[in-house]
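Laboratory data are not the source of any read-out in this text; all were calculated from the coordinates shown. Computed from a predicted structure; not experimentally measured. Virtual Cβ from ideal backbone geometry, glycine too; neighbours counted across all protein chains shown.
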Amino acid sequence: MAAAVRNTVSSVLHHHHSNREPSPQANQLPNSHDRQDSPAMERAREEEKHSLAHWEDHKRPLSPDQIANDGDQRTVGHSSQVLRQDDFELIKTLGTGTFARVWLVRLNNARDEDQNKVFALKILRKVDVIRLKQVEHVRNERNVLAAVAGHPFITTMVASFQDHDSLYMLLDYCPGGEVFSYLRRARRFNEPTSQFYAAEIVLILEFLHEKEGVAYRDLKPENILIDAEGHLKLVDFGFAKKVENRETYTLCGTPEYLAPEVIRNTGHGTAVDWWAFGILVYEFLVGQPPFWDHNPMKIIVEGRVRFPSAMSSEARDLISGLCTVDTSKRLGNIKGGASAVKSHPWFRQIDWNALYNRKVHGPIVPHLRGPADTRNFDEYEPESENREPYSREMRDKWEECFRDF
């Protein structure tokens, strides 16, 4: 995959890129090795596995209102009381992080017709989540993904569950890998490709901000995957937070993409995503972000973007509007919100309704040998066997925090 590595900052520092930190999920499940399931529990597990195998049969883009209002009626995004890790065959590691590992999995003992039904399973060790002070981020991630399940350009959390020492999020698998890898290979995207990807991201931000009141806070090419049809999927919601109209103060994100108000610690909200979006559009068109420096934060607060002469005037105008230090004047955060971005001349070719409903063909469709193809993901070292146990003391103190999983 990508050669360069960009670090993400938070109260704890962890790595970018296929290191999509798996996310937490918890229910009051005893350790699977310590229990004998009742016949009723076994039936419930088999029914749930059958439902998982066929969740994509009902997959279609839900409208933003349906996603926001029909949470209890959706087949995805739920907390399962019956699933456990041994319901899945672990095929290959897709990414690792400081406290999580993402696996390509299929259902164990699947029926013949379900052998090709694969998922990405994010496994978070409770001990590591606690030790790295990521409990709140993990809870935020699970709850935000549950709330947004069904959006056409956000990774679908099909279900979450937990056992004695781990949290699990079962996600749809995007076999195309990261946009970052395609960008590095191409050096830069042409204008139509950049417009297509940027427009799908606008639809994501419009939904997160205006329907859910969520700031994503880590927008960058490494967190955007390409699915089998060539559409984008935003992943890794570890820094996402429901802020609505309040401000928050956590320093988190990736240095080249941080908005000035985050660096200055003056309080920030959803406007940080529009700044990062401007940086992202620049990186699509140029091949690297505008504030590429040993100390990007120093030059970000000045907010002066230098444009290459080859960039179109409309692209410059869009990026300048987004990368405005004063949040009250920042495009996306001014009157009209996302609509003001969508009506910008750079997007004049976009049919927003057709795009949302995935009727427009993606510019890059990955070449795949099948649903479980992993050629677009790196190889990873095996997991260490020497892991700190989740002690009774830790359980007594922290288990309640994972109850939602």
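Restriction of the chymotrypsin sites (Phe, Trp or Tyr not before Pro) in region 221-289 to DSSP coil positions whose beta-carbon has at most 13 other beta-carbons within 10 angstrom yields 249. By DSSP, the beta bridges lying fully in the chain are antiparallel in about 90 percent of cases. The trypsin sites (Lys or Arg not before Pro) found in region 218-272 that occupy coil by DSSP, while having at most 14 further C-beta atoms within 10 Å, are 246, 264. Which of the three applies to region 144-219, rounded, prolate or oblate, going by the alpha-carbon gyration tensor with a ≥ b ≥ c and a/c under 1.5 meaning rounded? Oblate, because a/c is 1.5 or more while a/b does not exceed b/c.
Which of rounded, prolate, oblate describes region 257-335, given a ≥ b ≥ c as roots of the alpha-carbon gyration tensor eigenvalues and a/c under 1.5 marking rounded, otherwise prolate only if a/b is larger than b/c? All intermediate terms of the calculation are to be shown ahead of the outcome.
Numbers: a/c = 2.08, a/b = 1.24, b/c = 1.68.
Cα axes put region 257-335 in the oblate bin.
Amide H to amide H distances under 5 Å link residue 166 with 126, where only residues 5 or more positions off or on other chains count and H is placed in the peptide plane. The C-alpha atoms of the chain define a longest principal axis, and helix 135-148 lies at about 80 degrees to it.
When the pairs 242/342; 126/233; 49/122; 133/397 are compared against a 19 Å limit on Cα-Cα distance, 242/342; 126/233 fall above it.
Which of rounded, prolate or oblate describes region 179-356 when judged by the alpha-carbon gyration tensor and an a/c cut-off of 1.5?
The shape class here is rounded.
For the chain, the mean residue ellipticity at 222 nm estimated from helices alone is -8500 deg cm²/dmol, where every DSSP H run of n ≥ 4 contributes -39500 (n - 2.57) and the total is divided by all residues, rounded to the nearest 500. Straight-line reach from residue 211: taking Cα to Cα under 18 Å and skipping same-chain neighbours fewer than 8 places apart, the aspartates and glutamates in range are 65, 70, 72, 141, 200, 244, 247, 273. Using the Karplus relation 6.51 cos²θ - 1.76 cosθ + 1.60 with θ = phi - 60°, the per-residue 3J(HN,Hα) values for region 80-97 come to 8, 8, 10, 5, 8, 4, 6, 7, 10, 8, 7, 9, 7, 6, 9, x, 9, x Hz, with x marking Gly and Pro. Sparsely packed loop sites in region 328-385 (the trypsin sites (Lys or Arg not before Pro) outside DSSP H, G, I, E and B with at most 12 other Cβ atoms within 10 Å) comprise 335, 348, 359, 369, 375. Using θ = phi - 60° and the Karplus curve 6.51 cos²θ - 1.76 cosθ + 1.60, what whole-Hz ³J(HN,Hα) does each residue of region 98-111 get, with Gly and Pro shown as x? With coefficients 6.51, -1.76 and 1.60, one gets 6, 9, 8, 9, 10, 10, 7, 9, 10, 5, 5, 6, 5, 5 Hz.
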